[in-house]
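Scroll down for the structure; my scribbles are underneath it.
The values are calculated or read from the model by the stated rules, or taken from the named source; none is laboratory data. Since we're looking at a predicted model, the values are computed, not measured. Counting neighbours? That spans all protein chains shown, and the Cβs are built from the backbone with ideal geometry, glycine included.
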Amino acid sequence: MTTYTHDPVGNRTTRVRLGTTDTYSYDQADSIQSISTNDGHRTTTVTYVVNNDGNMVARGHDYFLYDQANRMTKSAGRQPSKYAYNGDGLRVQSNVGNGPYTTHVWDVGAGLPLLLFDGNRKYVYEQPAWHTRWMATASWRSTTPTGSAACER
């Protein structure tokens, strides 16, 4: 069982799960400052740094860089990554770890840009539902505007 407590504005202040307690602290702007984890034997703390634009620029030993439009362009630490965007602000390329670069393909002629391919999945959009087909399997997942879902294998 997992239990949570929150402060008066809704920020999570503690989470207790499987004998481990996480304690969250925030600054006056309600931006996360740290999470301390106590497993009953020791306490570890991860600190966070948020810039004036509200972007998380550091988390423990990880750091994050943003462009002038506040889009993440790079992260470094345990899982380094890089991101590139087109002139419309849509992510067109990403790279995680030492893996290959992934190209993201968008259908911008649909009114609202729709992601067609993210390197792993192909997306097929219909009215009124949208469908996602995972390339690694033959399964389909449908979500209707009412939130119902169905899966086939």
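Points to keep in mind about this one:
- Within the range 34-75, considering residues that are farther than 21 Å from residue 18 by Cβ and in contact with an Asp or Glu (Cβ under 6 Å, 6 or more places away or on another chain), the one surrounded by the most Cβ atoms within 10 Å (Cβ to Cβ): 73
- Members of the range 40-58 that are at pLDDT 95 or above and touching a Ser or Thr at 6+ places or on another chain (Cβ under 6 Å): 43, 44, 45, 47
- If the condition is being more than 16 Å from the chain's Cα centre (by Cα) and not in a loop (DSSP other than H, G, I, E, B), then the range 94-114 contributes 102, 103, 105, 106, 107, 108, 109, 110, 114.
- Of the residues making up the range 8-28, those that are of a type outside the set (Val, Ile, Thr) and exposed (fewer than 13 other Cβ atoms within 10 Å of the Cβ) are 8, 10, 17, 18, 19, 27, 28.
- Only one entry in 67, 107, 62 is under 23 Å from residue 26 (Cα atoms), charged (D, E, K, R), outside the structural domain of residue 24 (by TED's automatic domain parsing) and without any contact (Cβ under 8 Å) to a residue 24 or more places away in the chain, namely 62.
- When residue 19 is tested against the conditions (1) under 18 Å from the mean Cα position of the chain (by Cα); (2) at pLDDT below 95; (3) more than 30 Å from residue 120 (Cα to Cα); (4) not basic (Lys, Arg), the lone failure is (1).
- Which numbered condition residue 31 misses (of (1) among the polar types (S, T, N, Q); (2) farther than 30 Å from residue 90 by Cβ; (3) surrounded by 14 or more Cβ atoms within 10 Å (Cβ to Cβ)): (2)
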